[in-house]
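To start, the structure under review is shown below, and the notes come after it.
The values are calculated or read from the model by the stated rules, or taken from the named source; none is laboratory data. Predicted model, so just to flag it, every value in this text is computed and none were measured. As a convention, Cβ positions derive from the backbone with ideal geometry for all residues, glycine included, and neighbour counts pool all protein chains shown. Note: areas computed on protein heavy atoms with side chains; ligands, DNA, RNA excluded. Shrake-Rupley method; radii C 1.70, N 1.55, O 1.52, S 1.80 Å.
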Amino acid sequence: MLAIRPHLHVRRHALQFLRFHSKVVTCSELLIYGANTDVGKTVVSAALCHYLITRGHAVTYIKPVQTGSETDADAISRLCTAEGLSNIAFETLFHYPSPESPASAAEKAGAIPPEDAAFRQAVVESLARGSLTAPRFRLVETAGGPLSPGPNHTFQADIYAPLGLTSLLVGDARLGGISATVCAYEALKARKQAPKMILFVGSEGQHSNAVAVQRALPEVPVVSIPQVPPLSEPLTNWVALKDVADGMSQVLRVMKGEIPGDEEHLQGAKQEVQVEHLQIDQNHLWHPYTSMVKPGRVWSVRSAEGCLIQLEDGRRLVDGMASWWCAIHGYNVPELNAAAANQLGQMSHVMFGGLTHRPATLLAKQLLDCAPEGLTQVFLCDSGSVSVEVALKMSLQYWAMKGKPSKCRIATVQRGYHGDTFGAMSVCDPVRGMHTLFKGALAQQLFAEPPELSTDWSTGDDGFSSMESLLKERHQEVAAVIIEPVVQGAGGMRIYNPSYLQKLRKLCDELDVLLIFDEIATGFGRTGKLFAAEHAQVSPDIMCIGKALTGGYCTLGAAIASEKVSHGVSGPDGRQPLMHGPTFMGNPLACSIAAASIQLLLDGPWHSRVKSIEEQLVRELRPLAAYAEVEDVRVLGAIGVVELKTAPAEPQKLQAALVDQGVWLRPFGRTIYTMPPFVISSEELSRISGAIASVLDELEPKNSAVLSGRGACELELGQKVEAAVDFRNALVSNPKDAFARAWLVKVREEIRAEVANGQALDSPKRIPQTPMALQPHVKPPRQRVRPVLRAPAELPPGPRAPVPIIEASPISPEQAATTEASAHEAQPAQEPGEDAEALAFGGATGSEAPTALPEAPAAVVPAASTQETARRPESPQSGSLEAGEVHKAPPPTSDAQDATPIAEVFSIPQMDPTQEPAPVRRSARLQAKLQAKATAHPPGVKPKAKAKTKAKAKPDPPGVKPKAKAKLKAVAKGKAKAKARVIKDLS
C-alpha cells in the first residue's frame, strides 16, 4: 500500500507517482461527477462496469461517501449478478444512513466526519490497493454535484482536485439542466479538473440539452446515450443496447487520451505542430547559458504535477532540481493556483509608484515575521539578481550619505555567485566564475579566499583568515561584504562552517562595514533552517531573497534591510530617495502568490520534510563516495552533491543519460547535485539517487586489472566488503582473472568468519554490477596454474589486511580437477547478519555463493619502508556519516611496520643500470629463426634500403634491355598516377 503523507500538497501527486512507477500493470482511473443530484451517475457507472467486464477487464467500483439506506454499490452488484459477472470489486468508504447531504447525514448519525486530508488518503489508498497485482479499471463516483458539500462541508470539487484524476461529467437532461451542466463544468475547470467528456442520459433530439451544451462548450466532446427504463424494469436490456455500448466506448477512449474523429489526420497534424515548435525553439530562442549557433539539446514539456515533469513524448521525469531550486512545493499546487486565480480576478498589476495594495503589505508582514532579527524594511523587486543590485546600491548610498564616499568597494569571497546582472557579476568569482569574459568592464571588487569546504562543523579550520586579513588591511574602502551563507551555490555547491559567518559579523561590526547575506538559493528552508543565517545565529544588515519566494510560480525578489541601513540611505534629513524603481515592483499577482507560498510553507511540516530528505540523501548518496571518479559527497538539508574528480567530457550525454533514467537533473562543472521539492516522496528521491549511481556506474572502470588493483587497495585499508565487490566486478569483466577469483574467495571466507564471530560489517559503499555465476575458468591442463597467496606472518594492529601477490605454481591435471569440483560444491544456507556479504557477492547466498579454493601456504612478505608507506592511499574516516557530514581522508600514516604497500605489489621492479640484464630464455625454434634473420640482413641496414638492395640484386628478365625496362617502369608509374586522379575526381 502506498504510504501517503497527511498533507494536501504531498498527497495530490501520490497517484501520479504510482502510475509512473508501475511498469508491469496498467491502471486507469475515472472520477465521475454529476451536474446535479439524480442525473444518472450510478446508471452510467453501471453501464461502464458492464461494458468493461463483458470485454474481459477487471473493475473496482469505489463510492467514497454514500448516504441513504441502500448503497449504489448494491444496485450495481445486483445488475452484475443478474448478468453472471463476477470480475468486479466494490468499496464504500464512508456510509451514513440518512438520505441527504454527507455533512448533514454525518451529523445526524452522530459520526465524526473525516478531515479532508484523511478523506483523500482513504481514496488514494483504495485506488492503490492491489494496483501492482492485477490490471484493473477503477471508477470513483462522487455524491451530488461538484459544489455539493462533502462530509466536512468542503466542496467535493476541492476535495478531489489534488488527486488529479481524469474526470467525466454526467450532464443534467432535465429542465434547467443546461445552466446546471455549464456551471458544473466551469467550476471543475477553474479547479484544474476540466472533464474530458460530458455525457447525457436521455437527452436526444435537435433541441436537447446535449446539443445546447455542446454549442456552449465546443472545447469538450458531448455525448448522449438512451434514456434508462423505468425503475420497475431491470437494466440488463438497457446496458446491452448498441448506443449505450458506443457511448461507453467513447468514454474509455477519452480515458486513454485518444482523440475522437479522424485520428490519423489529427495525429499527423499534431506531429507537424510539434516539429514546428521545436524548430522555432532551436532557431529563434536563446536558452540559459547556451550558444545560439550550437544550442544544447532540450526536452519539450507538456505539463508538470507534483514532483513529476510530463514530456511531450509521454515520459514523466522526477524533478530533482525544483526548477533551479524555486519550486519547493512542487508543481500545479492547488493553494497557489487558487491565489493566482483570485488575484487575476481583481488585478494583475498596477504601478507601485504612488500606489499600494493589500498583497504587497501582506507579503511584507509575512517576510518580517520570519526574517532574521533586526531586518525591518522590505524592497520588492523583479528577481533575486535584481535584489543583489538593490543591496549593493543601498550599501554604496549608505556611505555616501554618511560622508564617506571613499567606501565604495565590495568585498566578497571567491567561488561565489550572485546573479547575472552587471552589478551582481562584479561580485561573482572573477577566475572560476561564468562571467570572466566581462572582467575588464566590471567594477573591480575585492576577493578573499573561499571558506574551507567542511560539513563537519565541530572541528577544523573555517578558512576565515584570508577574509580577516583583507578587511583589516582595506576596510577604509570597503562599503559592504556580500556572501552566500553556509552554502555557495553555483560556485560548486560548497558547504562551509557557520563559524565563518559569526567571525565575519563580529569583524564587520568592529571595522564599520555592512554585511549582506545572499539567501536567494538558501532561503525558505533549503538548508534545514528557514534561512541559512540561522545556522550561525547572526543577522545581516541586508538580506537578498528570491527563487523559492513565490514557490516557483513567477519571478519576484526582495532586499530586506535593517533600520540602520534604511535610515542611513535616506540621508541626514531623511529626504534622499533610493534611486531604484522597477516597472513591475510590488506586482500584485506575484505578491499574492508569494504570500500564499510562505503561508503554505509555514503551515506545513517543512522542517521534518527537509530533515527526512537530508537523512535519505546521506543514506543513499554516501555510498557513492567510494567510486573512483567521485571526489566528494556533501549533504545539507534538501541539498545533495556528488562532486567528480574531473568534469565529464560530454555533459550533454550525461544529462541525457539521467533523462533516460527517468529523472531531471542538470549537472554543472564537476558536480551532479539534487535540490528537490520539499514534497518529494521517498520513492521519488530514491529514483534520483539511483539515477546518479547509474551514471556513475557508466563512468566506473570496466578493466578487470583496474578493478582488481582497486580491490587490493581497499583490502589493505580494511574495506573487505568493498574489496569483494571490486574483485567480483573484475570477474564480471574478465572471468579469467585468477587474481580476482582467488582473493574474492579468501575475502568471502574472512567476512563469513567475522559474521560468525558477531562482528558488525559496514554496508558496502559501492553498488555491485549485475550478478553473474562465479564459476572457475577451465584452462587446458598443461597450462594449469593456481594462485599462491602471500601475506605478512604477523599483521600490525589496525584495520589493514594483507595484500595479495600471485605467483604461478604448476599443478597436475588431477589437482586441477579436484579444484574445479570443490569450486562447484554448494555452500551452507545464509546465516543471520550476512546481508553485507550477500550484497558484496551480487546477492548470491547459499548454493549460489562462490566457494573457496584450496588454501595455499602463506609466505612472509617484507615490511614496507617509510617512504613507500607515505605513498600509500589515504584511508577514509571510519564511523557513521551524520547528516551534513562529508567523507574525508586523514593524513597518511608513516608507520614503517604497516602491511605491504600497493606500489610494491603491482609496480614494475626497478633495475640497477650497472647490472647486466638476465639472459632472455627463448625456444630453440625462435632462436633459429632470429639467427636466420640476422644472417640475411646485416645490422645497420634500414628496411627500405634492404628492399632496394634486393631489387637491384634481382636479375633482369630475359629479353628485356635496361632502357626498355626503365621505360616500362615509367609507363606503369604514369598509369598508376592517372588512375589515382580518376579515383580522386570520382570521390
Six or more apart or on different chains, Cβ atoms under 8 Å: show the pairs whose first residue is in the range 288-306 and within 23 Å of Cys326 (Cα to Cα) and whose second is at pLDDT below 90 and aromatic (Phe, Trp, Tyr).
Gly306/Phe17
So if I check each of Pro113, Pro151, Pro162, which one is open to solvent by less than 20 Å² (accessible area, probe 1.4 Å) and farther than 23 Å from Val254 by Cα?
Pro151
Are there strands (runs of 3 or more DSSP E) fully within the range 618-709 with at least 2 residues that are of a type in the set (S, T, N, Q)? List them.
671-674
I'd like the residue in the range 168-207 that is at pLDDT below 90 and polar (S, T, N, Q) and, out of all such residues, is farthest from Glu141 (Cα to Cα).
Gln206
Quick check, is Glu373 in a loop (DSSP other than H, G, I, E, B), in contact (Cβ under 8 Å) with a residue 60 or more places away in the chain and of a type in the set (Asp, Glu)?
yes
For the range 274-324, give me the residue count where each residue is among the acidic types (Asp, Glu), within 22 Å of Phe668 (Cβ to Cβ) and at pLDDT below 90.
1
Would you check which residues across the range 689-703 are open to solvent by less than 20 Å² (accessible area, probe 1.4 Å) and at pLDDT below 80 and list them?
Glu700
For the list (1) over 31 Å from the mean Cα position of the chain (by Cα); (2) surrounded by fewer than 19 Cβ atoms within 10 Å (Cβ to Cβ); (3) assigned to a loop (DSSP other than H, G, I, E, B), I need the number of the one condition that Asp420 fails.
(1)
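This table checks each residue for (1) closer than 16 Å to Leu317 by Cα; (2) open to solvent by 40 Å² or more (accessible area, probe 1.4 Å); (3) touching a residue at least 12 places away in the same chain (Cβ under 8 Å).
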{"residue": "Gln616", "(1), (2), (3)": "no, no, yes"}
{"residue": "Tyr627", "(1), (2), (3)": "no, no, yes"}
{"residue": "Ile639", "(1), (2), (3)": "no, no, yes"}
{"residue": "Leu658", "(1), (2), (3)": "yes, no, yes"}
{"residue": "Arg687", "(1), (2), (3)": "yes, yes, yes"}
{"residue": "Glu714", "(1), (2), (3)": "no, no, yes"}
Does the range 112-127 include one or more residues that are over 42 Å from the mean Cα position of the chain (by Cα), more than 30 Å from Leu52 (Cβ to Cβ) and at pLDDT 85 or above?
no
From the list Ala364, Ala360, which one is aliphatic (A, V, I, L, M), without any contact (Cβ under 8 Å) to a residue 40 or more places away in the chain and on the phi < 0 side of the Ramachandran plot?
Ala364
The conditions are (1) open to solvent by less than 20 Å² (accessible area, probe 1.4 Å); (2) in contact with a helix residue (DSSP H, G or I) (Cβ under 9 Å, 6 or more places away or on another chain), and Lys564 fails exactly one of them. Which is it?
(1)
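Residues are listed down the side, and each one gets a yes or a no for (1) in contact with a helix residue (DSSP H, G or I) (Cβ under 9 Å, 6 or more places away or on another chain); (2) β-branched (Val, Ile, Thr); (3) open to solvent by 40 Å² or more (accessible area, probe 1.4 Å):
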{"position": "Val170", "(1), (2), (3)": "yes, yes, no"}
{"position": "Val182", "(1), (2), (3)": "yes, yes, no"}
{"position": "Ala190", "(1), (2), (3)": "yes, no, yes"}
{"position": "Phe200", "(1), (2), (3)": "yes, no, no"}
{"position": "Ala212", "(1), (2), (3)": "yes, no, no"}
{"position": "Val222", "(1), (2), (3)": "yes, yes, no"}
{"position": "Val244", "(1), (2), (3)": "yes, yes, no"}
{"position": "Gly247", "(1), (2), (3)": "yes, no, no"}
Run down Pro485, Pro430 and say which single residue is surrounded by fewer than 20 Cβ atoms within 10 Å (Cβ to Cβ) and in contact with a Leu (Cβ under 9 Å, 6 or more places away or on another chain).
Pro430
Looking at (1) at pLDDT below 85; (2) in contact with a helix residue (DSSP H, G or I) (Cβ under 7 Å, 6 or more places away or on another chain), which is the one condition that is false for Thr67?
(1)
Would it be correct to say that Ala118 is out of contact with any strand residue (DSSP E or B) (no Cβ under 9 Å at 6 or more places or on another chain) and either open to solvent by 30 Å² or more (accessible area, probe 1.4 Å) or more than 23 Å from Lys41 (Cα to Cα) (or both)?
yes
Can we say Glu750 is touching a residue at least 12 places away in the same chain (Cβ under 8 Å), under 25 Å from the mean Cα position of the chain (by Cα) and surrounded by fewer than 21 Cβ atoms within 10 Å (Cβ to Cβ)?
no
Are there any pairs, at least 6 apart or on different chains, whose C-beta atoms fall under 7 Å, with the first in the range 182-207 and farther than 16 Å from Pro221 by Cβ and the second open to solvent by less than 10 Å² (accessible area, probe 1.4 Å) and modelled with pLDDT under 85, and if so, which?
none
Meets criteria (open to solvent by 10 Å² or more (accessible area, probe 1.4 Å) and free of Cβ contacts under 8 Å to residues at least 40 places away in the same chain) for Ile76:
no
Of the residues Gly586, Gly552, which single one is in a loop (DSSP other than H, G, I, E, B), open to solvent by 10 Å² or more (accessible area, probe 1.4 Å) and under 30 Å from Gln346 (Cα atoms)?
Gly552
Is it true that Asp456 is open to solvent by 20 Å² or more (accessible area, probe 1.4 Å), under 21 Å from Thr522 (Cβ atoms) and among the charged types (D, E, K, R)?
yes
Could you check, for the range 452-463, whether at least one of its residues is farther than 27 Å from Trp325 by Cα, over 27 Å from the mean Cα position of the chain (by Cα), of a type outside the set (D, E, K, R) and modelled with pLDDT of 95 or more?
no
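Residues are listed down the side, and each one gets a yes or a no for (1) modelled with pLDDT of 85 or more; (2) open to solvent by 60 Å² or more (accessible area, probe 1.4 Å):
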| position | (1), (2) |
| --- | --- |
| Ser22 | no, no |
| Cys27 | no, no |
| Leu31 | yes, no |
| Thr37 | yes, yes |
| Ala58 | yes, no |
Hits in the range 567-579 (condition: open to solvent by less than 100 Å² (accessible area, probe 1.4 Å) and in contact with a helix residue (DSSP H, G or I) (Cβ under 8 Å, 6 or more places away or on another chain))
Gly568, Val569, Ser570, Gly571, Gly574, Gln576, Leu578
With (1) farther than 22 Å from Asp369 by Cβ; (2) open to solvent by less than 10 Å² (accessible area, probe 1.4 Å) as the list, and Lys611 as the residue in question, which single condition is left unmet?
(2)
Residue identified as surrounded by fewer than 23 Cβ atoms within 10 Å (Cβ to Cβ) and over 30 Å from Leu446 (Cβ atoms) among Asp369, Asp382
Asp369
For the range 461-482, enumerate the residues that are touching a residue at least 60 places away in the same chain (Cβ under 8 Å) and open to solvent by less than 30 Å² (accessible area, probe 1.4 Å).
Leu471, Val478, Ala479, Ala480, Val481, Ile482
